[in-house]
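Single-structure report; data block below.
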There are 2 protein chains.
Amino acid sequence: MEEQKPIGIGLMGMGVIGGQVAQVLTERAVQLADRIGRPIELRKIKIIESDFLRRQVQDMDQSLFTTSDEEFFNMPEIDIVIELIGGEHPAYEYIKRLLGSGKHVVTANKEVIAKHGAELRELARHHNVGLRYEASVGGGIPLIASFEHDLIANCIKGIYAIINGTTNYILSTMAKEGTEFSVALSQAQKLGYAEANPCNDIEGIDAAYKIAILATLAFRSHVHPDQVFCEGISRLSWKDFQYANEMGFVIKLLAIAKQEQNQIEVRVHPAFIPEDSFLANVDGVYNAVLVDGDLTGQVTFTGKGAGAQATSSAVAADVVAIARGIVNGQNVLVHLDDENKPIKPMTSVVTRFFMRMLIADQSGVLAQVAFTLGSRNISISSAIQKETMPDQMAEIVIMTHPASEESIQAAYADLTKLSVVKEVHNIIRVEA
Amino acid sequence: MEEQKPIGIGLMGMGVIGGQVAQVLTERAVQLADRIGRPIELRKIKIIESDFLRRQVQDMDQSLFTTSDEEFFNMPEIDIVIELIGGEHPAYEYIKRLLGSGKHVVTANKEVIAKHGAELRELARHHNVGLRYEASVGGGIPLIASFEHDLIANCIKGIYAIINGTTNYILSTMAKEGTEFSVALSQAQKLGYAEANPCNDIEGIDAAYKIAILATLAFRSHVHPDQVFCEGISRLSWKDFQYANEMGFVIKLLAIAKQEQNQIEVRVHPAFIPEDSFLANVDGVYNAVLVDGDLTGQVTFTGKGAGAQATSSAVAADVVAIARGIVNGQNVLVHLDDENKPIKPMTSVVTRFFMRMLIADQSGVLAQVAFTLGSRNISISSAIQKETMPDQMAEIVIMTHPASEESIQAAYADLTKLSVVKEVHNIIRVEA
């Protein structure tokens, strides 16, 4: 086998993940060559000037590195390029240029794939090269390949996922330690689970990218992240967790994608879920995905959703998949029909709701609240008046029966106009 | 696409699963053709005379069926054959003949793959055809493909699985309802979860086939079912469940495969596992597999491990995978190096043990038992004397510290010789 011409690999980006991937490709070269049927060779790593200060760069053969786009993009001895720069730009332009010049591409870039997947898959198909992105969702959990291959005979009814480790860690901490959001966040930042600028994670944007990618594969219809309703976790209070616990629920940031009558429903938001449900017991930085297929029934996956090692496992698997295709004289690109099924407007999405509000502690107030909700066709399944606060105020929590987003928004507006309602603290969707 | 020459499918076996697979291939022909890039066509179904009495046969176009081996094996218009006869013979001979004559084969036959996988993969490789068996383990859960592709860069450290739905249903029932084994078994038989002759399931043989297949893939070394230590569940009593529960454990039939210093440990037996562990919460007919990869860390999969629909999902996925290979002018057979790594002898396997025995209710007896265990280098982590029985007898349960299988067997022999030990009811391994 050693006499065979090796398959050339190029790598872009040498952060923590890039360093780990470079290590796996070099240290496991023999094992991977055996899996592929031909050796692979990491031939060039494109970095930026400041990367030379990084430990993982200084530890490697310096002749592997270049900061020159021209040099990197014009190496005929590179067959597959691994993009680990992250972010939309310039990664998107780089991937386009690579596919256009006939290079196979492996990427962990969820933002680029979520926003430009349809275009890039089309481009890859046109140039007959592979484009794989297993690492873009769920780290080392085999999700992309499962949708592309193993579940392919199914009509996927729904996907229910915890796919952002940062927020799941924060929510787990708030639930376990009764801390406020800000405290849990800074704790996550200290531990390196949250970035200095955590916006993408805590606002649910990262999860929206990921569910857009999964929904696109599962429903075979391009779902753009802009079409994903997205609500973050920053408004959650320890009190919401306390009440959830009393009611037998857990609060998780869920990414949900459903398909009904060829219409797609896709959303990311905090949700009450029953404490004995599968997703309720997924804590910390772990990710979990429940797929409901019409043939398989419910299939679940869990694992580390992030981290250099888990990500490198997925990246290496993609490299092997493409390399096997090269050995077999074909690429591994999967035929994707990008239909554009309609997205259900969020206003018509129906769930139960948990409401927590501060009201005047007087007789008849609860009746007024109930009447206001009723006039928007929202019926109450349970209402509990919690401890009385200073100045004749009382906190009540309400669990509604299923109601549309539209009616709950209208009811919220009505409630805020009621003189007896001091404040509506929070409204959280409930997923049974 | 309709003008393209369809890929011809042949089916052997028309039981419940065969009927479901035939239905999926025909009713979802358009969807599958779209995934493949070329139409597929179910062209012939090989059955035996008595199958004509089956509903699923009578409901279909009769010209699809044949009882003639000669006719079926000599149809050039069949490219892929799906074997769903089950059992070792004649399925094994059929698959050999098919591969030898250049047909691609998809099978759900765990016994044939577990016993003859190495030979059949070699035969398929030699004839450059595909051999796929996703449905042989875990029904609709993507396990085979995950080991073949997604986890391939990992060194798999261990697999811990509940892969027999029948026994898991029985154990769940015994735990939940406190029934004896025989009662739970007949209940499972009434519900169709257990066969009239349940031996293969309750003795752990079915699970041994499955873990042999997974271990072979995960460790890239052929593991024959004869090399799998196998102990069934028929000796378990409701009392064991009661004590397990008191001690914070659950009893499951586990299939375990580990790799340490290139030595493989593989076994199937009932085990105490902590009640808060992942596998402890998998009940009823569900299957669950925990894979510990050195890069991914722990990845888990759950889903329906059996049933016609879940199985048909896996079979159809295999058909699509092979058909895509045909369209691309290559087969999807994965290069497998069948090393033969040494199998660790069961006698040197080390676990903790739960022991339940009946002893004479006299002072000093526990000391004698402890001494006997100690003389075999088995130390006791906890011992509880349970309720006194008639005739001055008492039941005690002991939890040991880690000890080798060899020493526990020797200790068992010693204990049975002690006059004060009336009976050693059960010894159950403990997996932390």
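The values are calculated or read from the model by the stated rules, or taken from the named source; none is laboratory data. Please read these numbers as outputs of a predicted model, since none were measured by experiment. Here the Cβ positions follow ideal geometry from the backbone for every residue, glycine too, while neighbour counts run over all protein chains shown. With ligands, DNA and RNA removed, areas are computed over all heavy atoms of the protein, side chains included. Shrake-Rupley method; radii C 1.70, N 1.55, O 1.52, S 1.80 Å.
Taking the condition open to solvent by less than 40 Å² (accessible area, probe 1.4 Å), assigned to a loop (DSSP other than H, G, I, E, B) and either away from chain B (no Cβ under 14 Å) or within 30 Å of A:T302 (Cβ to Cβ) (or both), does A:I113 pass? Full working, then the answer.
Values: open to solvent by less than 40 Å² (accessible area, probe 1.4 Å): yes; assigned to a loop (DSSP other than H, G, I, E, B): no; either away from chain B (no Cβ under 14 Å) or within 30 Å of A:T302 (Cβ to Cβ) (or both): yes.
So A:I113 fails the test.
Within the range A:17-61, track down each residue that is among the hydrophobic types (A, V, I, L, M, F, W, C), under 21 Å from A:Q309 (Cα atoms) and without any contact (Cβ under 8 Å) to a residue 12 or more places away in the chain. Show your work before the answer.
Of all residues in the range A:17-61, those among the hydrophobic types (A, V, I, L, M, F, W, C) come to A:17, A:21-22, A:24-25, A:29-30, A:32-33, A:36, A:40, A:42, A:45, A:47-48, A:52-53, A:57, A:60.
Then drop every residue that is not under 21 Å from A:Q309 (Cα atoms), which leaves A:17, A:21-22, A:24-25, A:29-30, A:32-33, A:36, A:40, A:42, A:45, A:47, A:57, A:60.
Hit for the range A:17-61 is A:V30, nothing else.
With A:A212, A:A207 as the choices, which residue is under 25 Å from A:G158 (Cβ atoms) and in contact with a His (Cβ under 7 Å, 6 or more places away or on another chain)? Explain how you work it out, then say what you get.
Numbers: A:A207 fails: in contact with a His (Cβ under 7 Å, 6 or more places away or on another chain).
Result: A:A212 is the single residue among A:A212, A:A207 that is under 25 Å from A:G158 (Cβ atoms) and in contact with a His (Cβ under 7 Å, 6 or more places away or on another chain).
Go over the candidates A:E122, A:E70, A:E77 one by one and state the one that is closer than 18 Å to A:A22 by Cβ, open to solvent by 40 Å² or more (accessible area, probe 1.4 Å) and acidic (D, E). If you could, list the steps in order and put the result at the bottom.
Values: A:E122 fails: closer than 18 Å to A:A22 by Cβ; A:E70 fails: closer than 18 Å to A:A22 by Cβ.
Criteria check complete, one pass: A:E77.
Considering only the range A:306-340, state which residues are at pLDDT 95 or above and surrounded by fewer than 17 Cβ atoms within 10 Å (Cβ to Cβ).
Within the range A:306-340, none qualify.
Criterion first (open to solvent by less than 10 Å² (accessible area, probe 1.4 Å), closer than 25 Å to B:G293 by Cα and either at pLDDT 95 or above or within 13 Å of chain A (Cβ to nearest Cβ) (or both)) does B:G130 satisfy it?
Judged against the criteria, B:G130 is not a match.
Inspect all residues belonging to the range B:236-259 and state whether any of them is touching a residue at least 12 places away in the same chain (Cβ under 8 Å), touching a Cys at 6+ places or on another chain (Cβ under 7 Å) and closer than 24 Å to B:A212 by Cβ.
No; the residues of the range B:236-259 include none that is touching a residue at least 12 places away in the same chain (Cβ under 8 Å), touching a Cys at 6+ places or on another chain (Cβ under 7 Å) and closer than 24 Å to B:A212 by Cβ.
Report, ordered by the first and then the second residue, all pairs with beta carbons closer than 7 Å, sequence separation of six or more or different chains, a first member in the range B:291-312 that is within 28 Å of B:C155 (Cα to Cα), and a second member that is part of a loop (DSSP other than H, G, I, E, B) and open to solvent by 40 Å² or more (accessible area, probe 1.4 Å).
B:D294/B:C155; B:T300/B:F278; B:K304/B:V285; B:G305/B:V285
In the range A:149-167, which residue that is open to solvent by 10 Å² or more (accessible area, probe 1.4 Å) and at the interface with chain B (Cβ under 9 Å from one of its Cβ atoms) is nearest to B:I141 (Cα to Cα)?
A:D150
Using the structure shown, decide if A:D201 is at pLDDT 95 or above, of a type in the set (D, E) and touching a Ser or Thr at 6+ places or on another chain (Cβ under 7 Å).
Yes.
For the range B:300-326, which residues satisfy the criterion of being in contact with a Lys or Arg (Cβ under 8 Å, 6 or more places away or on another chain) and part of a strand (DSSP E or B)?
Answer for the range B:300-326, where residues must be in contact with a Lys or Arg (Cβ under 8 Å, 6 or more places away or on another chain) and part of a strand (DSSP E or B): there is none.
Please verify whether the range A:267-283 includes one or more residues that are closer than 22 Å to B:V299 by Cβ and facing chain B (nearest Cβ under 9 Å).
Checking the range A:267-283: at least one residue is closer than 22 Å to B:V299 by Cβ and facing chain B (nearest Cβ under 9 Å).
Among the candidates B:Y286, B:Y243, which residue alone is closer than 18 Å to B:K176 by Cβ, within 11 Å of chain A (Cβ to nearest Cβ) and among the hydroxyl-bearing types (S, T, Y)?
Checking each option against the conditions leaves just B:Y286.
Among residues belonging to the range B:133-142 that are more than 9 Å from chain A (Cβ to nearest Cβ) and either free of Cβ contacts under 8 Å to residues at least 12 places away in the same chain or assigned to a loop (DSSP other than H, G, I, E, B) (or both), point out the one that is surrounded by the most Cβ atoms within 10 Å (Cβ to Cβ).
So, considering only residues that are more than 9 Å from chain A (Cβ to nearest Cβ) and either free of Cβ contacts under 8 Å to residues at least 12 places away in the same chain or assigned to a loop (DSSP other than H, G, I, E, B) (or both), the one surrounded by the most Cβ atoms within 10 Å (Cβ to Cβ) is B:G138.
For residues in the range B:392-418 being part of a helix (DSSP H, G or I) and under 19 Å from B:L358 (Cβ atoms), which is most open to solvent (accessible area, probe 1.4 Å)?
The extreme case among them is B:K417.
Can you tell me which residue in the range A:168-210 is most open to solvent (accessible area, probe 1.4 Å), limited to those that are among the small types (G, A, S) and without any contact (Cβ under 8 Å) to a residue 60 or more places away in the chain?
A:A196
Applying the selection to the range B:289-302, what residues are in contact with a Phe, Trp or Tyr (Cβ under 7 Å, 6 or more places away or on another chain) and at the interface with chain A (Cβ under 8 Å from one of its Cβ atoms)?
Within the range B:289-302, B:T300, B:F301, B:T302 meet the criteria.
Applying the selection to the range B:11-39, what residues are open to solvent by 20 Å² or more (accessible area, probe 1.4 Å) and either charged (D, E, K, R) or over 21 Å from B:A91 (Cβ atoms) (or both)?
B:Q23, B:T26, B:E27, B:R28, B:A29, B:V30, B:Q31, B:D34, B:R35, B:G37, B:R38
Within the range A:322-339, does at least one residue satisfy the condition of being within 21 Å of the chain's Cα centre (by Cα) and under 30 Å from A:A411 (Cβ atoms)?
There is no residue in the range A:322-339 that is within 21 Å of the chain's Cα centre (by Cα) and under 30 Å from A:A411 (Cβ atoms).
Any chance you could count how many residues in the range A:35-63 are assigned to a helix (DSSP H, G or I) and under 33 Å from the mean Cα position of the chain (by Cα)?
Residues flagged as assigned to a helix (DSSP H, G or I) and under 33 Å from the mean Cα position of the chain (by Cα) within the range A:35-63 amount to 11.
Can you tell me which residue among A:I152, A:I141, A:I159 is of a type outside the set (K, R) and in contact with a Lys or Arg (Cβ under 6 Å, 6 or more places away or on another chain)? Show your work before the answer.
On the way: A:I141 fails: in contact with a Lys or Arg (Cβ under 6 Å, 6 or more places away or on another chain); A:I159 fails: in contact with a Lys or Arg (Cβ under 6 Å, 6 or more places away or on another chain).
After ruling out the rest, the residue left standing is A:I152.
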